Every structure is written in C-alpha cells, then in structure tokens.
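Scroll down for the structure; my scribbles are underneath it.
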Amino acid sequence: MSDKQTPVTGASEAPPVVSEWLRFRRVFFQRKIVVFGLVVLSLLVFTAIFAPWLAPHNPYKGKMADSLAKPSKVYILGTDIQGRDTLSRLIYGTRTALMVGFLTVGIASIAGSMLGLLAGYFGGVTDMIIMRAMDALMGFPMLLLALLLASVLGGGIQNVIIALSIATLPGYARVMNGLTLSVKENDYIMAERAMGSSDRRTMLKHIMPNALPPMIVLVTVWLGLTILAEANLSFLGIGIKPPGAAWGSMVNDGYQYLMMNPILSFAPGLTIMLVAFAFIMVGDGLRDALDPRLRGLL
Amino acid sequence: MSTLLEVKNLATQFKTEGGIVKAVDGVSYHLDEREIIGLVGESGCGKSVSQLSVMQLISSPGRIVGGEIIFEGKNLLEYEANGPEMRSIRGAKIAMIFQEPMTSLNPVLTIGRQLTETLELHLGMDAEAARKRAIELLGMVGIPSGENRINDYPHQFSGGMRQRVMIAMAISCNPKILIADEPTTALDVTTQAQLLELMKDMVDRFQASLIIVTHNLGVVARYAQRIYIMYAGRIVEAGTTKDIFAHPQHPYTMGLLKCIPRLDEEKGRKLVPIEGLPPNLINMKPICAFAPRCSAGSERCSKNPWPPLVHIGNQHYVGCFLNGEEKRSGTSAK
C-alpha cells in the first residue's frame with residue numbers, strides 16, 4: 001500500500017516523479033504532426049510580428065509596369081493586377097488572419113462557454129432563455145449571419161471580428177452546455193457542493209476544467225475555421241477594406257486571372273489551408289497533453 | 001450529552017411524470033454529540049435522500065416539502081439552499097463522505113488542490129499553511145509520504161486510498177458531524193474494515209459525531225451506538241444497537257437480521273431472505289408499505305394508516321401494529 005500506484009497500462013518507461021511540465025512536453029512533442037503544426041504556427045506568429053522586415057516590397061503599392069508579373073527573382077510569387085508583390089501581401093495578410101482568428105475565437109469562446117455553462121448549470125428558465133436565444137442565432141447559416149452583421153456594421157477589421165464572434169457564439173454555447181450537463185451529474189460535483197463550494201466556484205473551478213479538453217479542441221478547430229470564414233468574408237468583398245491585405249480577398253482578386261497567373265489565387269488559398277490544418281493539429285496535441293486522464297498512458 | 005442534530009418530520013418528494021415519489025416521508029431522528037448512529041435500509045428506501053436533505057443538496061425535481069432540521073439551535077431549512085449560511089455549514093460543520101470513491105474526486109485536480117481548497121475556503125488558510133495541513137491530514141488517514149502524493153491525481157490512487165482521501169477532505173475543517181453515505185459499499189471487505197476503523201478513529205480524534213448510512217447491518221453493528229431502520233421513506237424501528245440486534249420488534253428488522261450470518265448463533269441455521277422487493281414509491285397508499293412482504297401481516301395492516309412509532313422501552317421505538325401496540329398497552333411507558 002505504501003507503494004506508489006500506477007495505472008495498469010504503460011507508464012513503465014515513465015520515471016517515478018515527473019514534473020507536470022515535463023510530462024506535458026513529452027506527450028505534446030511525441031507526435032511529429034503536432035510538432036509540424038506548431039512550427040507552422042510559430043512561423044506564422046513570427047511572420048505577423050516581423051512583417052515589415054520580412055516583406056520584400058510594399059504590400060499596398062505596386063508598380064503598374066510590373067502588373068501580373070510571373071514569379072521571378074524580384075517577385076518570388078509574382079504580382080497582382082496592380083503590380084503589388086504577392087509574397088509581401090501574403091506576409092501582411094498573416095496579421096489580418098491572426099488578429100481576426102485569435103480575437104474572434106477569444107471573444108466568442110469565452111462568452112459562449114460562459115453562456116453555455118450558466119444555462120447548463122442552473123437549468124430551468126435560465127437554460128431556456130439562453131439556449132433558445134442561441135438556437136435562434138444558430139438558425140441562420142453562420143456565414144450569412146456574419147455577412148448580414150458585417151454589412152450592417154460596415155467594413156473594417158473590428159466589425160469583422162464582432163460579426164464573426166456573434167455568428168460563432170452559439171457553437172461554443174451549445175458544446176459547453178452539453179458538457180456542463182454531463183459533468184455536473186458527476187459524484188465529485190455533488191461532493192464538492194457538500195464541501196460548501198459556491199455555485200460560481202463549482203462552475204469555474206470544477207465543471208470548467210473538466211469540460212476544457214473538448215473545448216480546447218473546439219477552439220483550435222474554430223481558429224482554423226474562423227480564419228477560413230474571414231477569408232470568405234473578404235472573398236465576398238465584405239470585411240477588410242482595400243488596400244488592406246487579407247488572404248481571402250487575395251484569392252478573390254486572383255481568381256479573375258486564374259488562367260494567366262494561377263499562383264495569385266493558389267498561394268493565399270494554400271496558405272489558408274495550411275494554417276487551418278496546423279491549428280487543428282496543434283489542438284489535437286494540446287488535448288492529449290492537457291488531459292490528466294491520458295497521462296501515464298501516453 | 002446534548003443533542004447536536006435533530007431532524008423532525010422531514011419530508012422530501014420528487015415530482016415525476018408518474019406521480020409524486022415520497023422518498024422521505026416524515027422521518028425524525030436525532031444525533032447526540034460524539035455519537036455514532038447507523039441508518040439502515042434497502043436500496044431506494046430514502047436513506048441517502050434524507051441525508052442529502054440535511055445538507056440541502058436535493059436538486060430538482062426533488063424538493064424538501066416539510067419538517068425541521070435543527071442543528072446548533074437553528075433550523076437549517078430556513079436557510080436558502082445555496083446561500084452563504086448553508087455553504088458555511090457544508091464541509092465546515094457537517095461533512096459528507098460519498099459512496100463511490102472512484103468518482104467522488106475531481107479527476108482533473110490534484111489531491112492536494114482538492115484538500116487545500118476546502119481549507120482555504122472555510123478556515124481561511126493561506127496556500128502554504130493549507131498545503132502543510134493537507135500533508136498532515138493525508139498522514140492521519142494512513143496515506144504515507146503525503147508530501148509526494150499530494151501532487152498526484154485521483155486516477156493514481158486505488159479505491160480504498162481514494163476513500164481515505166475523501167475522509168481526509170471530510171474531516172479537514174473539523175466538522176461537528178460526519179455523514180458517511182454507504183462509505184464502504186464499493187470496497188472489498190478487508191478495506192471496508194480498515195476504513196470503518198479509520199472513520200471511528202477520526203471521529204474520536206476530532207470529537208465529531210458520525211452518521212453511517214448503509215444497507216448492511218453488519219457494518220454498523222460494531223460502531224454505532226444507536227440504529228435507525230428505514231423502509232419506504234420512513235423509520236420503522238429505532239433503538240440502541242444492542243436492542244436492535246437482541247430484541248428486534250419490527251418484522252422488517254427481524255427479516256434483515258435473519259438474512260445475515262452471525263457468529264453467536266446456533267449452527268445450521270438457514271439464512272432467510274425477505275421475500276419480494278421494496279415497493280415503488282410512486283403514489284403509495286398511506287398504509288404500511290411493508291405489509292405485502294410481511295410474514296406477520298394481518299388485516300389491520302391493510303386497513304389502517306401507517307402505524308406511528310411507539311416507545312416500547314429504553315430508547316427503543318417501533319412502528320408496527322404487531323409489537324408496538326401490544327407492548328405499549330402492556331407497559332406504562334409514555
């Protein structure tokens with residue numbers, strides 16, 4: 001009985017005392033695809049921060065003489081109709097994508113989870129009011145709602161963020177609501193309440209952490225999807241005002257010249273795909289590393 | 001010794017689609033200071049619900065519809081279920097140990113965090129003091145090298161060890177009353193004995209009272225001073241442990257005793273189970289719910305309402321026409 005008890009499976013290779021951080025690192029970096037995703041995201045953040053130093057040309061002003069140039073040593077990915085360097089615009093577009101992605105997901109996930117948590121925990125009338133409102137929001141296709149809001153609010157990056165936050169809110173609320181309903185039935189929640197824990201404490205310190213792993217995955221998936229949605233909005237001409245650089249609008253601008261210069265659309269398109277993929281992979285890795293129930297097994 | 005907790009006519013009901021379930025129907029009991037009592041009955045007879053009612057942890061569709069719970073001179077039912085007064089009693093003055101050690105600890109928090117949380121919450125300790133106290137508590141409940149194990153997660157503990165942690169959590173704030181809701185049901189027999197012994201030690205050490213809720217008369221035989229027998233949401237017999245075991249008066253109690261083996265009996269006695277199942281508590285008739293299973297049942301049982309608890313001797317009460325009335329008319333006790 002005095003021996004440290006370890007779970008039945010695996011764990012034989014694990015040293016007896018491992019700090020939390022070491023364990024987290026070991027699990028997180030175990031899978032190559034997660035490391036790849038992390039490298040992509042690090043590069044992305046790096047690019048966003050150092051855009052002015054990395055971009056070889058001015059992303060907003062091009063030389064009309066070099067309009068629709070093929071990839072060359074000067075313009076590695078060619079130029080668009082206005083002679084603006086595609087690579088430089090891609091680099092600046094990183095800023096837009098990340099800002100919209102992180103802020104939107106940040107706002108929507110926190111607000112959505114809180115709403116879902118409250119509704120699930122208290123149930124009854126609270127649940128009815130909150131969740132029916134969410135259902136009403138969900139009734140609109142997400143993009144249509146964002147489109148509507150963005151066109152009412154007008155262009156500009158902050159309005160895109162607001163529109164996308166509201167449009168994606170019900171997704172988080174729904175998931176969190178379901179998680180809360182299942183987590184709150186656990187014996188340990190009853191035990192915690194029997195220990196004198198207040199509603200707020202029970203919700204934030206006991207239900208929330210148990211609902212976190214699925215939420216983290218959801219958030220990272222939505223990070224990818226939100227960047228896609230932002231690209232969609234700017235593809236449709238709503239959102240980032242010209243001459244601001246956004247990947248979606250680059251795809252849109254480029255596709256008129258698809259036959260002449262396909263890289264104009266493909267470069268931003270592939271970037272969007274890569275980034276969304278990287279976010280999802282990192283989310284998966286995070287979930288495995290953060291879940292204490294998987295510790296010792298992985 | 002003075003009375004610490006007095007429950008009077010407690011009634012808790014659940015509203016379901018099929019009708020009203022009277023899970024606890026007019027239950028009264030009391031607990032003295034530094035006393036250990038047992039609450040015994042089959043599954044679904046309202047033992048746990050009565051204890052959760054004391055803590056006001058009944059959630060919808062359940063509702064406490066009547067009665068009084070007097071603790072330290074105050075009626076707990078006057079407090080709002082989740083209000084600050086009730087919260088300062090839960091865990092600090094009345095603590096509870098649950099049936100399932102495997103699921104009663106939060107899987108994503110370390111043992112240490114769960115122990116210190118209560119200490120910080122109720123005793124206002126700072127993190128360092130709470131940590132020290134938590135290690136001390138782990139030692140007290142028989143978990144060696146607490147300073148190493150405090151950062152472990154619940155899944156790294158076995159069932160028995162988790163129940164020890166639960167006990168440590170329950171006693172951490174020096175409660176007056178410890179309610180153990182089937183504390184050993186999920187454990188193997190050797191661990192059961194160890195944990196019961198541990199609980200008794202802890203209760204002695206902290207000068208607390210203990211309510212053991214169980215379906216197993218054997219569990220309480222050794223530790224409880226008094227025993228309450230529950231059936232279908234009511235207490236049908238109450239008395240000192242000695243009286244209950246030596247002179248059971250209610251047919252249900254007799255049935256319970258007949259179906260457990262005893263060391264002090266003649267050899268070759270057959271164990272006799274109680275026929276049938278406990279009744280469905282939905283829309284019950286107001287007659288004795290044990291009547292259909294009772295070997296001594298008579299016409300009187302199905303015509304008259306539940307027989308009230310009758311005092312038949314030193315702290316011995318029984319709610320049955322068979323023994324209660326006769327005994328009462330025989331003796332001049334109140």
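Details
- Among the criteria (1) farther than 21 Å from B:LEU198 by Cβ; (2) under 23 Å from the mean Cα position of the chain (by Cα); (3) facing another protein chain (nearest Cβ under 7 Å); (4) crowded, with 19+ Cβ neighbours inside 10 Å, the one B:ASN82 does not fulfil is (4).
- Restricted to helices (runs of 4 or more DSSP H) entirely inside region A:93-202, those with at least 2 residues that are within 30 Å of A:ALA245 (Cβ to Cβ), touching a residue at least 24 places away in the same chain (Cβ under 8 Å) and within 20 Å of the chain's Cα centre (by Cα) are A:142-153, A:157-183.
- Flag if B:VAL49 is of a type in the set (A, V, I, L, M), within 14 Å of chain A (Cβ to nearest Cβ) and out of contact with any His (no Cβ under 8 Å at 6 or more places or on another chain): yes
- Verdict on B:ARG133 being surrounded by fewer than 22 Cβ atoms within 10 Å (Cβ to Cβ), in contact (Cβ under 8 Å) with a residue 24 or more places away in the chain, more than 8 Å from chain A (Cβ to nearest Cβ) and among the basic types (Lys, Arg): yes
- Verdict on A:SER198 being within 10 Å of chain B (Cβ to nearest Cβ) and surrounded by fewer than 17 Cβ atoms within 10 Å (Cβ to Cβ): yes
- Screening B:TYR231, B:TYR153 for residues that are aromatic (Phe, Trp, Tyr) and within 14 Å of chain A (Cβ to nearest Cβ) leaves exactly one candidate, B:TYR153.
- For region B:89-112, the candidate set comprises residues that are closer than 23 Å to B:GLU136 by Cα and of a type in the set (S, T, N, Q); within that set, the residue that is farthest from the other protein chains (Cβ to nearest Cβ) is B:THR110.
- Conditions (1) more than 12 Å from every other protein chain (Cβ to nearest Cβ); (2) surrounded by fewer than 20 Cβ atoms within 10 Å (Cβ to Cβ); (3) within 15 Å of the chain's Cα centre (by Cα); number of the one not met by B:ASN75: (3)
- So A:MET250, is it more than 13 Å from A:VAL221 (Cα to Cα) and modelled with pLDDT of 80 or more: yes
- Test: residue in region B:128-135 that is farther than 26 Å from B:VAL7 by Cβ and either modelled with pLDDT under 90 or of a type in the set (Asp, Glu) (or both): yes
- Just one residue in the set A:VAL251, A:VAL282 is within 17 Å of the chain's Cα centre (by Cα) and more than 30 Å from B:MET166 (Cβ to Cβ); that residue is A:VAL282.
- Hits in region B:113-129 (condition: in contact (Cβ under 8 Å) with a residue 40 or more places away in the chain, more than 9 Å from every other protein chain (Cβ to nearest Cβ) and crowded, with 19+ Cβ neighbours inside 10 Å): B:LEU115, B:LEU119
- Flag set for A:MET203, criterion: within 14 Å of chain B (Cβ to nearest Cβ) and not polar (S, T, N, Q).
- Scanning region A:30-60 for residues that are outside any helix (DSSP H, G or I) and either touching a Ser or Thr at 6+ places or on another chain (Cβ under 7 Å) or touching a residue at least 24 places away in the same chain (Cβ under 8 Å) (or both) gives A:GLN30, A:ARG31, A:ALA55, A:PRO56, A:HIS57, A:ASN58, A:PRO59, A:TYR60.
- Meets criteria (out of contact with any His (no Cβ under 9 Å at 6 or more places or on another chain), modelled with pLDDT of 80 or more and within 20 Å of A:VAL175 (Cβ to Cβ)) for A:TRP222: yes
- Applying a threshold of 6 Å to beta carbon distances and a minimum spacing of six or more residues, or different chains, the list of pairs starting in region B:33-46 at a residue that is on the phi > 0 side of the Ramachandran plot and ending at one that is part of a loop (DSSP other than H, G, I, E, B) reads B:ARG34/B:GLN207; B:GLY44/B:PRO278; B:GLY46/B:GLY233.
- Here B:THR116 fulfils each of the conditions (1) within 28 Å of B:LYS132 (Cα to Cα); (2) modelled with pLDDT under 90; (3) of a type in the set (S, T, N, Q) apart from (2).
- Enumeration of residues in region A:144-195 that are more than 17 Å from A:LEU117 (Cβ to Cβ), surrounded by 19 or more Cβ atoms within 10 Å (Cβ to Cβ) and within 14 Å of another protein chain (Cβ to nearest Cβ): A:MET190, A:ALA191, A:ALA194, A:MET195
The values are calculated or read from the model by the stated rules, or taken from the named source; none is laboratory data. Note that the coordinates shown come from a computational prediction; the quantities given were computed from them, not determined experimentally. Heads up, the Cβs are rebuilt from the backbone with ideal geometry, glycines too, and the neighbour counts pull from every protein chain shown.
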